[in-house]
Amino acid sequence: MQIREQLEQIIDQAIAAAREDGTLPLEEAPAAALERPRDEANGDWASTVAMRCAKQARMNPRQVAQAIVDHLPQNQIVGSVDIAGPGFINVRLTNAALQGVVADVRAAGFDFGRGAAPQGASRINLEYVSANPTGPMHVGHGRWAALGDSLGRVLRHAGYDVYEEFYVNDHGVQMDVFGNSIAVRYQQLLGRDVPMPEKCYGGGYVADIAQELIDRDGDAWLDADEDERRIAFREYGYQAMLNRVKKTLQGFGNRFDTFFSERSLYVAGPDGKNAVDRALDAFREKGHIYEKDGATWFRSTDFGDDKDRVLIKENGEMTYFMSDCAYHFDKISRGFDKLINIWGADHHGYVKRCEAMVEAWDHPGCLEVVLGQLVNLYRDGEAVRMSKRTGEMVTFEELIDEVGVDATRFLMLSRSSDQQIDFDIDVAKKQDSSNPVYYVQYAHARICSIMRKAAVECGKVASEEEAAALPVEELAALIVPADVDLSLLNEEAELALMRKMDDFPAFVALAARDRAPFRCTHFAQELAGLFHQFYGNCHCVCDDPALQAARIALCDATRTVLALTLSLLGVSAPVKM
């Protein structure tokens, strides 16, 4: 049990005892509800419980606070208690309580802070990126890739069952436009004077795909039936771009459970119905469908939308929204009771109709949409809009190639999804403390260096090279005895590190609840900063073997929490830099 939970129990016991002897005339016992004081001088934790229940007790809040403090049971974690202001109960922990965090982290390893989802918690379908397979991924897709992957990691560490999904928009007019664009480039490369149509994909990658077809088939398609050629080229281009997207995402560290094809929504099952039919049937059963002007409409205004939405046009063509209805109904049918979609901010006006559709199927609140703002690229203080190599947009692949996966991920996650990101390429490539990911990774590498040096100093290995050959966990076990005396860790820089690590379990739970993986970058930077301060104030490798062992144990715990936080971002924790 974490310190915060223990302390909440202690305060709850004090309230119960004060109620029992009549000191606090309360019908119901309020929760302790601890929070960090804004000013560290006020203690480690604060509770506003006295102010929240003063009216019910018909007492002055400070009197309520005093009654609670007077009934605190004997314990090993409360060092001192002060009543401040209108009735804040400020608690300062014992050093022993904080020292116990080091032992807890080292015992738990990467399971430190791992939560258990509440009973009956949602089975989550997390859908993100979902780029059309008609072109390379742009930088904005990279932000969703980082955000979705990190959110999945945070949710899992908090105890939730998460299934990650990429929706492949491989059905509809855009696919035929893509196939036709390739066909025109194919003919042009073979010498025909064929103009590009008004609706087309004009990027250089289209010509590259056309050249691949020439390399494979020569001019065999030059005089083929136009429809046959368009379909063949569409399918070839589709697979080429989807494979490119998958390769890019895999290299970025994303691991999707499935790439869900929009086309599959139109494939009939054993009952002769496809996903579109089943979604329409579900609407009809609830009475939310009507016919007007030859089209089929969803009565979405019944659920707060500003107007009803067309599902099937007068000509029988399915709308894009109809596909989305079928897709989300399919998700629900697969047993997911929480659907989290990460979309670009330009989809803001699309959210309400989608919330209406799931509510129409009696699943209100099932759909949650996280909207992400744009990414602005900068180099030398100037906005970057075009690739120097191609003269076209800067692709996600090019950004990764230039600055690397770790820097891309960390900077993409440096701000909340509802804020724009100014991504400075020069900063991302720097190897100094001005680069936030370097700053954090360097703290981890420095700890590993300290441990290698300590292993040599205490005679556990002959050289730092030998130490470097050992896994860092094995190295820690060599140099820190099982009975290490953590009571020696009483310097303020040491205590500050332990306080921060104690925050980690609650931090993960809140980041999961608020869908805010970006907070991991802030936590990592703060922990790294505290470690750098500790390193400047406390000698880890010293003449006192007992103190050295305790400080190495503290270093090892810090290393674990740093590496764990970086792992939630999908960022590596190097042992050397």
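The values are calculated or read from the model by the stated rules, or taken from the named source; none is laboratory data. Quick caveat, the model's predicted, so the values are computed rather than measured. Every residue, glycine among them, receives a Cβ derived from its backbone with ideal geometry; neighbour counts consider all protein chains shown. Heads up: the accessible areas ignore ligands, DNA and RNA and are worked out on the full protein's heavy atoms, side chains in. Shrake-Rupley method; radii C 1.70, N 1.55, O 1.52, S 1.80 Å.
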**Q.** The one condition in (1) touching a Ser or Thr at 6+ places or on another chain (Cβ under 9 Å); (2) crowded, with 22+ Cβ neighbours inside 10 Å that Tyr186 fails to fulfil
**A.** (1)
Q. Would you call Val184 in a loop (DSSP other than H, G, I, E, B) and touching a helix residue (DSSP H, G or I) at 6+ places or on another chain (Cβ under 9 Å)?
A. no
Q: Among the residues of region 189-201, count how many are surrounded by 14 or more Cβ atoms within 10 Å (Cβ to Cβ) and either within 19 Å of Tyr238 (Cβ to Cβ) or out of contact with any Ser or Thr (no Cβ under 8 Å at 6 or more places or on another chain) (or both).
A: 4
Q: Starting from residues that are touching a residue at least 40 places away in the same chain (Cβ under 8 Å) and either on the phi > 0 side of the Ramachandran plot or of a type in the set (Ser, Thr, Tyr) (or both), keep the ones in region 262-300 and report whichever is surrounded by the fewest Cβ atoms within 10 Å (Cβ to Cβ).
A: Tyr266
(Q) Need pairs with beta-carbon distance below 7 Å; first residue under 21 Å from Ala468 (Cα atoms) and part of a loop (DSSP other than H, G, I, E, B) and within region 551-577, second open to solvent by 10 Å² or more (accessible area, probe 1.4 Å) and among the β-branched types (Val, Ile, Thr); sequence gap 6+ or separate chains. (A) Val575/Val472
**Q.** Selected residue (only one of Leu155, Leu98 is over 19 Å from the mean Cα position of the chain (by Cα) and surrounded by 22 or more Cβ atoms within 10 Å (Cβ to Cβ))
**A.** Leu98
Q: Report, by residue number, each residue of region 421-460 that is part of a helix (DSSP H, G or I), over 30 Å from Leu371 (Cβ atoms) and basic (Lys, Arg).
A: Arg446, Arg452, Lys453
(Q) Give me the residue from region 361-379 that is surrounded by fewer than 18 Cβ atoms within 10 Å (Cβ to Cβ), without any contact (Cβ under 8 Å) to a residue 60 or more places away in the chain and touching a strand residue (DSSP E or B) at 6+ places or on another chain (Cβ under 8 Å) and, out of that set, nearest to Ser122 (Cα to Cα). (A) Val369
Q. Just one of Arg106, Arg62, Arg19, Arg38 is crowded, with 16+ Cβ neighbours inside 10 Å and within 30 Å of Asp556 (Cα to Cα); which is it?
A. Arg106
Q: Give the residues of region 41-57 that are farther than 25 Å from Leu495 by Cα and either among the hydrophobic types (A, V, I, L, M, F, W, C) or open to solvent by less than 10 Å² (accessible area, probe 1.4 Å) (or both), sorted by residue number.
A: Val49, Ala50, Met51, Cys53, Ala54, Ala57
**Q.** Filtered residues of region 328-360 (kept if in a loop (DSSP other than H, G, I, E, B), of a type outside the set (Lys, Arg) and open to solvent by 20 Å² or more (accessible area, probe 1.4 Å))
**A.** Gly335, Asp337
**Q.** Ile124, sole failed condition from (1) under 30 Å from Asp225 (Cβ atoms); (2) open to solvent by less than 10 Å² (accessible area, probe 1.4 Å)
**A.** (1)
Q | Test for Val456: is it farther than 30 Å from Ala326 by Cα, out of contact with any Lys or Arg (no Cβ under 9 Å at 6 or more places or on another chain), touching a residue at least 40 places away in the same chain (Cβ under 8 Å) and open to solvent by less than 60 Å² (accessible area, probe 1.4 Å) | A | no
Q: Determine which single condition Arg515 fails, assuming it passes every other condition in (1) of a type outside the set (A, V, I, L, M, F, W, C); (2) surrounded by fewer than 16 Cβ atoms within 10 Å (Cβ to Cβ); (3) within 20 Å of the chain's Cα centre (by Cα).
A: (2)
Q) Under the condition of being assigned to a loop (DSSP other than H, G, I, E, B) and among the charged types (D, E, K, R), which residue from region 387-420 is modelled with the highest pLDDT? A) Arg415
**Q.** Test for Phe507: is it open to solvent by 10 Å² or more (accessible area, probe 1.4 Å) and aromatic (Phe, Trp, Tyr)
**A.** yes
Q: Could you grab me the full set of residues in region 65-87 that are more than 20 Å from Ala17 (Cβ to Cβ) and open to solvent by less than 70 Å² (accessible area, probe 1.4 Å)?
A: Gly79, Ala84, Gly85
Q) Just one of Ala121, Ala145 is of a type in the set (Gly, Ala, Ser) and outside any helix (DSSP H, G or I); which is it? A) Ala121
Q.
Restricting to region 110-121, and then to whatever is of a type outside the set (D, E, K, R) and out of contact with any strand residue (DSSP E or B) (no Cβ under 9 Å at 6 or more places or on another chain), can you tell me which residue is most open to solvent (accessible area, probe 1.4 Å)?
A. Gln119
Q: Would you point out the residue of region 203-252, among those that are among the aromatic types (Phe, Trp, Tyr) and open to solvent by less than 30 Å² (accessible area, probe 1.4 Å), that is nearest to Arg185 (Cα to Cα)?
A: Phe233
Q) Do we have Tyr438 as over 21 Å from the mean Cα position of the chain (by Cα) and under 18 Å from His522 (Cβ atoms) here? A) no
Q) With Gly140, Gly152 as the choices, which residue is touching a strand residue (DSSP E or B) at 6+ places or on another chain (Cβ under 9 Å), at pLDDT below 95 and in a helix (DSSP H, G or I)? A) Gly140
Q | Complete set of residues in region 220-240 that are in contact (Cβ under 8 Å) with a residue 40 or more places away in the chain and among the charged types (D, E, K, R) | A | Glu226, Arg229, Arg230, Arg234, Glu235
